[in-house]
Amino acid sequence: MELVIEDLLKMSGDKELVRIAEKVLEEKRLTEEEALYLYRSDDLALVGHLAEFVNRKKNGMNAYFIINRQINPTNVCVYQCDFCAFGVKRSDPKAYEMEMDEILKKVEETYRMGGKEIHMVGGIPAHWDYDKYINIVKTIKDHFPDIVLKAWTAVEIHHMAKISKKSYREVLQELKEAGLDALPGGGAEIFSERVRKIIAPYKANAEEYLEVHRTAHELGIPTNATMLYGHVETLEERVEHMKRIRDLQDETGGFQVFIPLAYWPEGTRLGGTRTSSVDDLKTIAVSRLYLDNFDHIKAYWVTLGEKVAQVALNFGADDLDGTIEEEKIVHSAGTTSAYGHSVERLVKLIKKAGKIPVERDTFYRVVRVYQ
Ligand code: SF4
């Protein structure tokens, strides 16, 4: 890999890009200006090779996936963010709310097929009280103590704190006692205040998102971090977003993975166009290069599409997410990916990308290697 990079460097007439590349090879931390320079570079091959160089130092040839299921208990949401096609008003004909029996049935299906994780997030209905969130967690874990429950975004935790008049710490502690194992990374979108005013003015802001994650880390609850890109944000705002994530990771070390999420505009009030594959791959690569304190970068196949996600495994990503079974949120916004994938399909996608498929649990512990 170093030889290919050396050849690419020899061919490059861009002195600044070569200087940054040498810094990467020397394993030095990149500045925000350097991350931005990589983003603006047209040399996708070199940026991708550099990111893959860093990834292989961290993860070798392993590419991870998990047998999991997404459950979205409701799509009713008070916030009505303009970029979201999933959350609807309670009066909307598309509105739904799952009964506890239905949720348990889905968890059981996943458990029976060897699933390791339930990823649960949803809309935020005004009529749900705090106990409902705690009870959902407790009931799932009472029935399936072995399943890992990664549930509720920082936005949902913020909402629970608001309606219960409790602190983030109290809410997270009570959820942990009820059986919560980890937090997903959703709700970060882009931290810039300018952007949030346009796409999601009412829900938890950047400081609140980061404070929820900081508190979770202090309580020993690992979390994920995300960035929704490709709508109204600038490249500077993407890098600024990653800086705040990197700073918090320096402080706590509690993030497990960074997940760039490509925006899908269909059915949203915000509208816009889909991100390009070049933008998707560059975002994976730049995040791998800039976030030197993250072990894992996820190529989330639902938003990237299977083919770009597969290529991303050679642009710095080391994880495809999982079998998922029933993705609803991005499908509301028009993604053409499947709703779920079999283990065989994920293993094949990874092998064809030249990587070793490794089934993992939520905490990136190896469950099985598919040689
Ligand atoms: S992004 Fe989340 S908070 Fe915003 S409308 Fe959609 S479900 Fe609700």
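At-a-glance table
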item: Cβ-Cβ under 9 Å pairs, at least 6 apart or on other chains, region 321-347 side among the basic types (Lys, Arg), far side assigned to a helix (DSSP H, G or I); result: Arg345/Glu306
item: Test result for Leu180, away from the ligand (no atom under 16 Å from the Cβ), assigned to a loop (DSSP other than H, G, I, E, B) and under 27 Å from Phe363 (Cβ atoms); result: yes
item: Residue under evaluation Tyr202, criteria (1) surrounded by fewer than 18 Cβ atoms within 10 Å (Cβ to Cβ); (2) more than 13 Å from the ligand (Cβ to nearest atom); (3) assigned to a loop (DSSP other than H, G, I, E, B), criterion not met; result: (2)
item: Pick from region 86-138, criterion among the small types (Gly, Ala, Ser) and modelled with pLDDT of 95 or more, ranking: farthest from the ligand (Cβ to nearest atom); result: Ser91
item: Selection status of Tyr39, in a helix (DSSP H, G or I), within 22 Å of Met242 (Cβ to Cβ) and either of a type in the set (Ser, Thr, Tyr) or touching a residue at least 60 places away in the same chain (Cβ under 8 Å) (or both); result: yes
item: Odd one out for Gly272, checked against (1) in contact (Cβ under 8 Å) with a residue 40 or more places away in the chain; (2) buried (at least 16 other Cβ atoms within 10 Å of the Cβ); result: (2)
item: Looking only at region 183-199, and only at residues there that are in a loop (DSSP other than H, G, I, E, B) and not aliphatic (A, V, I, L, M), the one that is nearest to Gly271 (Cα to Cα); result: Glu189
item: Any hit, region 286-293, residues being touching a residue at least 12 places away in the same chain (Cβ under 8 Å), surrounded by fewer than 23 Cβ atoms within 10 Å (Cβ to Cβ) and either assigned by TED's automatic domain parsing to the domain that holds Ala200 or under 30 Å from Leu219 (Cβ atoms) (or both); result: yes
item: Yes/no for Lys15 being surrounded by fewer than 16 Cβ atoms within 10 Å (Cβ to Cβ) and assigned by TED's automatic domain parsing to the domain that holds Glu102; result: no
item: Single match in Ser332, Ser337 (criterion: among the polar types (S, T, N, Q), away from the ligand (no atom under 16 Å from the Cβ), in the same structural domain as Gly254 (by TED's automatic domain parsing) and farther than 28 Å from Lys57 by Cβ); result: Ser337
item: Subset of region 221-248 [in contact with a His (Cβ under 9 Å, 6 or more places away or on another chain), farther than 27 Å from Val148 by Cβ and either hydroxyl-bearing (Ser, Thr, Tyr) or assigned to a strand (DSSP E or B) (or both)]; result: Tyr229
item: Unique residue being in contact (Cβ under 8 Å) with a residue 12 or more places away in the chain and within 13 Å of the ligand (Cβ to nearest atom) when the list is Val78, Val47, Val54; result: Val78
item: Failed criterion for Ser332 (all others in (1) surrounded by fewer than 18 Cβ atoms within 10 Å (Cβ to Cβ); (2) modelled with pLDDT under 95; (3) in contact with a Phe, Trp or Tyr (Cβ under 9 Å, 6 or more places away or on another chain); (4) under 30 Å from Arg112 (Cβ atoms) hold); result: (1)
item: Count - residues of region 315-353 that are within 30 Å of Leu46 (Cα to Cα), of a type outside the set (Val, Ile, Thr) and touching a strand residue (DSSP E or B) at 6+ places or on another chain (Cβ under 8 Å); result: 11
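The values are calculated or read from the model by the stated rules, or taken from the named source; none is laboratory data. What you see is a predicted model, and the numbers here were worked out from it, not measured in a lab. Counting neighbours? That spans all protein chains shown, and the Cβs are built from the backbone with ideal geometry, glycine included.
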